[in-house]
Amino acid sequence: MPEQLLFAMEVTLNGLMAGVMYSLVALGFVLIFKASGIFNYAQGVMALFAALTLVGIMDGQVPFSHLINAIFGTEVHNFGWHVPAFLAILLTMVVMVGFAWAVNRFVLRHLVNQEPIILFMATIGLAYFLEGFGDLMWGSDIKKLDVGLPQGINTAIDDVTFNLLGYGFFIDNLDIVATVIAIILVTLLVLFSQYTKQGRALRAVADDHQAALSVGISLNMIWVLVWSIAGFVALVAGIMWGAKSGVQFSLSLIALKALPVLMLGGFTSIPGAIVGGLIIGVGEKLFEFIVGPMVGGATENWFAYVLALLFLVFRPQGLFGEKIIERV
Amino acid sequence: MLDDTSDGYITTDGRRIGGVLMEMRNITLRFGGVVAIKDISFDIREGEIRAIIGPNGAGKSSMLNVISGFYHPQEGEVLFEGKPRPPMKPYQVARQGIARTFQNIALFNGMSVLDNVMTGRLTKMNAGLLAQGLWYGKAEREETENRIKAERVIDFLEIQHIRKTPVGRLPYGLKKRVELARALVAEPRLLLLDEPMAGMNVEEKEDMSRFILDVNDEFGTTIALIEHDMGVVMDLSDRVVVMDYGKKIGDGPPDEVRANQDVIDAYLGVAHD
Ligand SMILES: Nc1ncnc2c1ncn2[C@@H]1O[C@H](COP(=O)(O)OP(=O)(O)O)[C@@H](O)[C@H]1O
Ligand SMILES: [Mg+2]
């Protein structure tokens with residue numbers, strides 16, 4: 001096989017794996033948007049907050065220690081214990097469900113029937129609040145997250161492809177794990193929404209609020225549920241990105257990667273988010289590989305947005321959305 | 001209707017009507033300056049087909065929305081099964097066994113007819129998430145039972161041929177029927193229908209009338225329905241409440257109500273002072 005083609009295959013593979021993660025982040029947006037018409041600007045900060053909380057719990061950090069020390073003149077920082085990753089992830093999930101409940105109770109419930117732009121503004125406020133709250137709770141220094149995920153180049157794949165094709169593929173173990181977990185999570189989400197009572201209720205709410213109420217569905221319950229799921233998705237994304245490049249503010253920017261995915265896939269389509277993520281993942285890697293060298297590289301920074309822009313112009317309803325024709 | 005005692009009456013066609021299931025006492029509902037309902041009282045009896053009629057804007061839908069918890073009256077009391085009902089959210093009312101349809105149809109347009117009907121069973125499902133995930137025990141029994149009930153209602157309302165069709169693609173008349181199926185499958189104690197025949201052609205209206213009578217007859221379901229058209233109501237209902245400009249201007253069996261001068265005036269559009 002020609003060398004260029006082998007390179008391209010490797011690039012595609014890496015792109016697919018990055019794409020699955022984009023899909024996962026985009027799904028967090030889609031769920032909330034479908035169920036409540038809210039574009040949740042805070043999704044990225046939720047991932048950061050989840051990762052911060054996870055690290056904090058694992059390392060036995062005392063939450064709000066700065067505040068406590070400032071007020072009481074104490075010097076507490078650590079409980080002096082270490083919580084196993086599995087338990088810490090569970091506890092973090094409890095915190096995220098609590099967050100979902102609080103958002104619903106203290107913010108969204110008071111904004112029922114408001115314009116989408118108002119709800120959007122509310123989530124911007126929420127994002128900044130959560131960012132500050134996370135800092136206050138866990139401190140703002142960069143943290144290392146190690147939940148025991150394998151890192152480094154996968155030697156088995158390197159060996160096998162080298163023997164088979166004469167060229168060893170460089171695939172990162174962490175990427176493989178992230179991909180597998182993302183695939184499992186996406187599958188679970190789809191099964192949940194298709195085959196459980198809560199999933200059916202969620203689809204009902206997404207389709208028509210009035211009708212959902214009339215068959216006995218509590219909108220508040222569903223909203224806490226979708227925000228909890230979004231919190232879970234944020235946690236998984238936070239773990240993956242955090243393990244790769246540490247837990248710091250830039251982690252919250254992964255949400256920006258989900259935007260072009262949403263424009264491609266449509267804001268309300270679960271399959272759209274999945275396929276959109278894959279297209280962007282593969283697209284940006286291949287584009288960088290083929291066109292990058294001609295234009296001096298760094299195309300990954302803008303490729304996804306330009307692609308999304310083209311979609312906005314030529315197919316604004318996204319890949320799977322139905323064409324909207326205004327009735328006059 | 002012969003005597004209106006507390007334990008019911010016998011209809012002219014020999015059906016037994018029971019005690020009071022739902023009672024509205026001195027209900028007043030305002031929207032800003034608009035008084036949609038003005039101090040109205042009436043009751044709905046077990047097993048009865050109760051109609052609310054009146055010209056457009058009379059406050060009929062508002063009354064149905066009060067019963068189903070979508071609107072909350074400023075004054076008055078709602079009694080269900082003899083007990084005063086605290087202000088409730090619509091989903092809580094639904095869980096009490098009050099199902100409804102809407103004047104402007106509220107269906108899940110992205111779902112198939114069968115899925116729409118299945119949502120009517122959501123309140124009847126109690127299995128935990130884990131059991132559902134493993135499709136085990138209670139979850140399996142519930143889902144099977146719900147499916148059987150849904151199919152039975154679908155057969156009953158003669159919509160088998162469109163079971164798998166996305167509801168959004170159906171013509172208006174069939175949508176109305178699907179909405180009725182979704183309400184019916186919940187096996188409600190009280191079924192509220194807001195203009196079930198509006199916008200239908202003659203044939204569809206006849207079908208719908210037959211279904212409403214059959215539902216009441218076969219399942220003994222208590223039905224409160226809103227109609228615009230006097231003629232339809234007269235054949236269908238046991239007792240009629242007539243509303244005009246938010247006020248109750250008549251209440252009784254169809255013949256009596258039809259002879260009522262206020263009602264005649266309202267329908268002939270006599271000027272209000
Ligand atoms: N949600 C609402 N907000 C404001 N006014 C309303 C609302 N619902 C009904 N109304 C008003 O209450 C009155 C009665 O309306 P409605 O109950 O829909 O009448 P009907 O069903 O008999 O045609 C109308 O004047 C209508 O404009
Ligand atoms: Mg009406």
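The values are calculated or read from the model by the stated rules, or taken from the named source; none is laboratory data. All of these numbers come straight from a predicted model, not from anything done at the bench. For neighbour counting, all protein chains shown are included, and Cβ atoms are generated from backbone atoms with ideal geometry for every residue, glycine included. What goes into the accessible areas is simple: the full protein's heavy atoms, side chains included, and nothing from ligands, DNA or RNA. Shrake-Rupley method; radii C 1.70, N 1.55, O 1.52, S 1.80 Å.
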Where residue B:228 falls short, out of the listed (1) within 16 Å of ligand 1 (Cβ to nearest atom); (2) open to solvent by less than 40 Å² (accessible area, probe 1.4 Å): (2)
Of all residues making up the range B:30-73, the number that are polar (S, T, N, Q), away from chain A (no Cβ under 14 Å) and within 15 Å of ligand 1 (Cβ to nearest atom): 2
Matching residues, the range A:259-288, being open to solvent by less than 10 Å² (accessible area, probe 1.4 Å) and farther than 17 Å from residue B:110 by Cα: A:260, A:261, A:262, A:264, A:265, A:273, A:276, A:277, A:280, A:281, A:284
Test: residue in the range B:18-29 that is assigned to a strand (DSSP E or B), modelled with pLDDT under 95 and within 16 Å of ligand 1 (Cβ to nearest atom): no
The range B:74-94 - residue that is more than 29 Å from residue B:33 (Cα to Cα) and of a type in the set (Gly, Ala, Ser) and, of those, nearest to the other protein chains (Cβ to nearest Cβ): B:94
Failed criterion for residue B:196 (all others in (1) in a strand (DSSP E or B); (2) touching a residue at least 60 places away in the same chain (Cβ under 8 Å) hold): (1)
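Within the range B:95-192, which helices (runs of 4 or more DSSP H) (wholly inside it) include 2 or more residues that are open to solvent by 60 Å² or more (accessible area, probe 1.4 Å) and within 13 Å of chain A (Cβ to nearest Cβ)? Step through it out loud before you land on a result.
Details: elements: B:113-119, B:129-134, B:138-156, B:172-184.
It comes to B:129-134, B:138-156.
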Hits in the range B:50-61 - residues which are within 9 Å of ligand 2 (Cβ to nearest atom) and surrounded by fewer than 24 Cβ atoms within 10 Å (Cβ to Cβ): B:56, B:57, B:61
The range B:14-49, subset among the charged types (D, E, K, R) and open to solvent by 70 Å² or more (accessible area, probe 1.4 Å), residue farthest from ligand 2 (Cβ to nearest atom): B:16
